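A.B. asks: The structure is given below, and queries will be raised subsequently.
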Amino acid sequence: MEPEDEPVIDGLEGGCRCGAVRYTLALERLPRSYACHCHQCQRWSGSAFSQQVIVPEPALSVRGNLTVFELTTAERTSIQRYCAACHGRIYNTNTRRPGMAVVRAGTLDRSEELECVLHIFVAYKQRWLTLPEGVPAYPEMAPPEAMMAALRG
């Protein structure tokens with residue numbers, strides 16, 4: 001889908017499974033998503049991969065109580081935000097991408113409309129999962145320029 005063909009939106013909403021946390025993304029178009037197949041994302045999601053959208057942090061407006069978990073590695077600090085009631089993971093920020101929020105795509109109300117434009121860490125993907133042809137896939141992390149270009153469209 002070309003950027004000009006994408007549906008224009010008036011703010012995209014989402015939230016946790018219990019409804020205690022709701023958010024709005026102040027965007028003109030649905031964001032593009034990517035899937036991460038690394039073992040850490042598999043464990044965080046309890047599934048085969050984790051699907052995310054990256055948005056400017058100022059575009060994200062959250063209502064409700066969040067619990068914060070900070071994960072620091074040698075490369076970065078990731079601050080995870082969860083619903084304080086049901087512990088649904090909503091989004092995180094990361095010192096590698098200041099000013100950007102990584103929102104869990106499954107928390108969006110219109111997640112079924114998202115286009116997944118990139119797959120990363122496919123060296124660890126579940127062997128039964130077949131990736132669509134024509135969608136870029138990287139054995140490890142994608143080069144930052146390639147990732148952002150795919151997400152911008």
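A.B. asks: Would you mind finding the one in GLU112, GLU133 that is open to solvent by 60 Å² or more (accessible area, probe 1.4 Å), outside any loop (DSSP other than H, G, I, E, B) and either modelled with pLDDT of 95 or more or out of contact with any Asp or Glu (no Cβ under 9 Å at 6 or more places or on another chain) (or both)?
C.D. replies: Every option except GLU112 fails the conditions.
A.B. asks: Something else: Taking the stated definitions as given, is GLY14 open to solvent by less than 50 Å² (accessible area, probe 1.4 Å), farther than 20 Å from VAL135 by Cβ and not in a strand (DSSP E or B)?
C.D. replies: Numbers: open to solvent by less than 50 Å² (accessible area, probe 1.4 Å): yes; farther than 20 Å from VAL135 by Cβ: yes; not in a strand (DSSP E or B): no.
So GLY14 does not fit the description; no.
A.B. asks: Let me ask something else. Of the numbered conditions (1) at pLDDT 95 or above; (2) within 28 Å of LEU129 (Cα to Cα); (3) more than 16 Å from the chain's Cα centre (by Cα); (4) not polar (S, T, N, Q), TYR34 satisfies every one except a single condition; which is it?
C.D. replies: With respect to (1) at pLDDT 95 or above; (2) within 28 Å of LEU129 (Cα to Cα); (3) more than 16 Å from the chain's Cα centre (by Cα); (4) not polar (S, T, N, Q), TYR34 is out only on (3).
A.B. asks: Looking only at region 94-137, which residues are under 17 Å from the mean Cα position of the chain (by Cα) and of a type in the set (Phe, Trp, Tyr)?
C.D. replies: The answer is PHE121, and nothing else.
A.B. asks: Given the residues ALA105, ALA101, which is the only one that is of a type outside the set (Ser, Thr, Tyr) and in contact (Cβ under 8 Å) with a residue 60 or more places away in the chain?
C.D. replies: After applying the criteria, what remains is ALA105.
A.B. asks: What's the number of the only condition in (1) at pLDDT 95 or above; (2) in a strand (DSSP E or B); (3) not hydroxyl-bearing (Ser, Thr, Tyr) that ALA20 fails to meet?
C.D. replies: Going through the list (1) at pLDDT 95 or above; (2) in a strand (DSSP E or B); (3) not hydroxyl-bearing (Ser, Thr, Tyr), ALA20 breaks only (2).
The values are calculated or read from the model by the stated rules, or taken from the named source; none is laboratory data. Bear in mind the structure is a predicted one, so any value in this text is a computation, not a measurement. Counting neighbours? That spans all protein chains shown, and the Cβs are built from the backbone with ideal geometry, glycine included. Just so you know, the surface numbers come from the protein's heavy atoms only, side chains and all, with ligands and any DNA or RNA stripped out. Shrake-Rupley method; radii C 1.70, N 1.55, O 1.52, S 1.80 Å.
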